[in-house]
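Colleague: Handing you this structure, nothing more for now.
The values are calculated or read from the model by the stated rules, or taken from the named source; none is laboratory data. Values in this document were obtained by computation on a predicted structure and should not be read as measured data. Cβ atoms come from the backbone with ideal geometry, glycine included; neighbour counts cover every protein chain shown.
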């Protein structure tokens, strides 16, 4: 009789610990756990489940780092952050690492130190009602809701200043404004809106998108060996199917899974290193969506 296959555990989805070129800094190692700022309103990347636990793809990333560092995936102290307060929380040492869906931009890199290896890609799009505007050009003179502190408000200010932007602290608040008819659309990115679309009725995504960019972790400037250690950990995870398995755990809708898989790192879908070439700061071009 054939032996039954072992059930997959979270730890079994983490690739083998890399041969780190540096030691985890003594201060971080002696703490016994990482203090990480994460999103709590951003499914499937970081959110709170029905049991009040932090879950999501970026939460799984944080747990994998803890497993590499301490041999225990639970050794993480989570602090919920928003787009607006995540960098202040890092700079004031309320957290030591940000894994908070933060797009790489040259401007932000002057304030924080990005882990060089980025780990997923995004682009700005919008969701509207079935009879709403089809593309970005049709938003002229309209009101759009979005999240403050991200790339969205600055992009509209620079590229479409004739759009009235309502900024909110969370995705849920921005969506509520759209659902109440206070905005004609909710502008965000392709890592969030497909999941909302799959769970609502009578809506559609824009036929074009803008400002492609990449997401990375961040630490305080001058973090030295911590930056190197984290970068080598992310490279190991990027070169495995870790994120794809995490997506399957954290997003139940097949149509959203299909839309999001293309944003994640996995073998054959390489992510770049943080640099001016992958910063969306100056892009105002409209790109047809597939």
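Colleague: I'd like the residue in region 65-85 that is surrounded by 24 or more Cβ atoms within 10 Å (Cβ to Cβ) and within 16 Å of the chain's Cα centre (by Cα) and, out of all such residues, is nearest to residue 33 (Cα to Cα).
Modeller: 81
Colleague: Let me ask something additional. So which residues in region 91-104 are touching a helix residue (DSSP H, G or I) at 6+ places or on another chain (Cβ under 9 Å) and surrounded by 18 or more Cβ atoms within 10 Å (Cβ to Cβ), if there are any at all?
Modeller: 95, 96, 97, 98, 99, 100, 101, 102, 104
Colleague: From 248, 259, 276, 263, grab the single residue that is modelled with pLDDT under 90, within 29 Å of residue 127 (Cβ to Cβ) and not assigned by TED's automatic domain parsing to the domain that holds residue 190.
Modeller: So the residue among 248, 259, 276, 263 that is modelled with pLDDT under 90, within 29 Å of residue 127 (Cβ to Cβ) and not assigned by TED's automatic domain parsing to the domain that holds residue 190 is 259.
Colleague: Just for region 118-150: of the residues that are outside any loop (DSSP other than H, G, I, E, B) and under 14 Å from the mean Cα position of the chain (by Cα), which one is surrounded by the fewest Cβ atoms within 10 Å (Cβ to Cβ)?
Modeller: Ranking the qualifying residues of region 118-150, first place goes to 123.
Colleague: Can you tell me how many residues in region 230-276 are surrounded by fewer than 19 Cβ atoms within 10 Å (Cβ to Cβ), in contact with a strand residue (DSSP E or B) (Cβ under 6 Å, 6 or more places away or on another chain) and over 24 Å from residue 69 (Cβ atoms)?
Modeller: 0
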